[in-house]
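Data block below; observations after.
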Amino acid sequence: KASGPEDVMEWMRFFRGQNKEELKEVAKGNEYLEGAYEDLVKMSQDEKKRLQYEAREKAILDYRSNMEGARKRGFQRGMIQGGQVMLIQLYQKNRLTLEEAAEEANMTVEEFRKLVELAEHSME
């Protein structure tokens, strides 16, 4: 619990503690910091709890990393599909030839033709 800038500074000093003695000294007189210090002492004494904590932290980091990767892939896929839609529209409006559109889409003419057919069927 932090109710003001002083409390935030105390927590920052606590988190930057380099050893047990420093943590204990920073925590002295603050019931919340003392509770956090006691929890840290208990966790460091219990190997099983420490390993569970580390596994949980790793799972959280892995999840965040996976979600960020999925978000980026989804964005890229959307950009590619959006670009393909635009190329199909330009081709359908006779602003690009089939060959030009296929080249811009980095596809063969036959691949692009199939993409156009799929797009036309999906709009029916």
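The values are calculated or read from the model by the stated rules, or taken from the named source; none is laboratory data. Since this is a predicted model, take the numbers as computed values, not measurements. So basically every Cβ, Gly included, is an ideal-geometry build from the backbone, and we count neighbours across all protein chains shown. Accessible surface is based on the protein model in full, side chains and every heavy atom, while ligands, DNA and RNA are left aside. Shrake-Rupley method; radii C 1.70, N 1.55, O 1.52, S 1.80 Å.
Along the charge dipole of the chain, pointing to its positive end and built from +1/-1 on Cβ of Lys, Arg, Asp and Glu, which listed residue (Ala55, Val85, Ser65) has its Cα farthest out?
Value computed over the given set: Ala55.
Using each residue's phi in segment 26-36, evaluate 6.51 cos²θ - 1.76 cosθ + 1.60 at θ = phi - 60° and report the 3J(HN,Hα) Karplus result to the nearest Hz, with x for Gly and Pro.
5, 6, 4, x, 10, 4, 6, 5, 4, x, 5
Around Leu96, which amide H atoms from residues at least 5 apart in sequence, or from another chain, sit under 5 Å from its own amide H, with H modelled in the peptide plane?
The list, which skips near neighbours in sequence, is Tyr91.
Report, to the nearest 10°, how far helix 47-92 tilts away from the longest principal axis of the Cα atoms in the chain, using its own Cα long axis and a range of 0 to 90°.
20 degrees
Leaving out ligands and nucleic acids, and using a 1.4 Å probe, what accessible area per residue does the chain come to in Å²?
Values: 10160 Å² over 124 residues.
Using a 1.4 Å probe on heavy atoms only, each residue of the chain averages 82 Å².
For the chain, build the charge dipole from Cβ charges (+1 Lys, Arg; -1 Asp, Glu) around the Cα centre, then report which of Val109, Trp11, Gly74 sits farthest towards its positive end.
Selected residue: Trp11.
Report, in deg cm²/dmol and to the nearest 500, the calculated mean residue ellipticity at 222 nm for the chain, where each DSSP H run with n ≥ 4 adds -39500 (n - 2.57) and the sum is divided by the residue count. Mind showing how you got there, number by number?
On the way: 6 runs with 101 residues, N = 124.
It lands at -27500 deg cm²/dmol.
Magnitude of the Cβ-charge dipole of the chain, K/R +1 and D/E -1, about the Cα centre, nearest 20 debye? Mind showing how you got there, number by number?
Working: 21 positive and 25 negative charges, 44 e Å.
I would put it at about 220 debye.
Can you pull out the trypsin sites (Lys or Arg not before Pro) in segment 1-51 that DSSP calls coil and that have at most 14 other Cβ atoms within 10 Å? Spell out each step's value before the answer.
Values: sites: Lys1, Arg13, Arg16, Lys20, Lys24, Lys28, Lys42, Lys48, Lys49, Arg50; in loops: Lys1, Arg16, Lys28.
The qualifying sites are Lys1, Arg16, Lys28.
Between Thr97 and Gln81, with labels modelled 7 Å along Cα→Cβ, what's the label distance in nm to one decimal, could you check?
So the two model labels end up 3.1 nm from each other.
Just checking my list [x] 1.94; [y] 2.10; [z] 1.02 against Cα Rg over 2.2 N^0.38 Å computed from this structure; which label fits?
The value computed from this structure is option [y].
Calculate what fraction, in whole %, of the accessible area of the chain sits on carbon and sulfur atoms when a 1.4 Å probe is rolled over the protein chains.
Values: 5410 of 10160 Å².
Ligands and nucleic acids excluded, carbon and sulfur reach 53 percent.
Between Glu22 and Ala119, what length in nm is gained on full extension when 0.36 nm per residue of separation is reduced by their alpha carbon distance? If you can, show how the numbers build up before the last one.
On the way: separation 97, 0.36 × 97 = 34.92 nm, distance 6.58 nm.
So the extension gain works out to 28.3 nm.
Enumerate the aspartates and glutamates that Lys24 could reach by cross-link, defined here as Cα to Cα under 14 Å, with residues fewer than 8 away along the same chain left out.
The qualifying aspartates and glutamates are Glu10, Glu34, Glu38, Asp39.
Mind checking the full-extension length gain between Lys49 and Glu31? Use 0.36 nm per residue of separation minus the Cα-Cα distance, one decimal, nm.
Working: separation 18, 0.36 × 18 = 6.48 nm, distance 2.29 nm.
That pair, Lys49 and Glu31, stretches by 4.2 nm at full extension.
List nothing, just return the count: lysine pairs in segment 28-124, 8 or more apart or interchain, with Cα separation under 18 Å. Before the final figure, lay out the partial values.
Details: Lys28/Lys42; Lys48/Lys58; Lys49/Lys58; Lys93/Lys114.
Count of close lysine pairs: 4.
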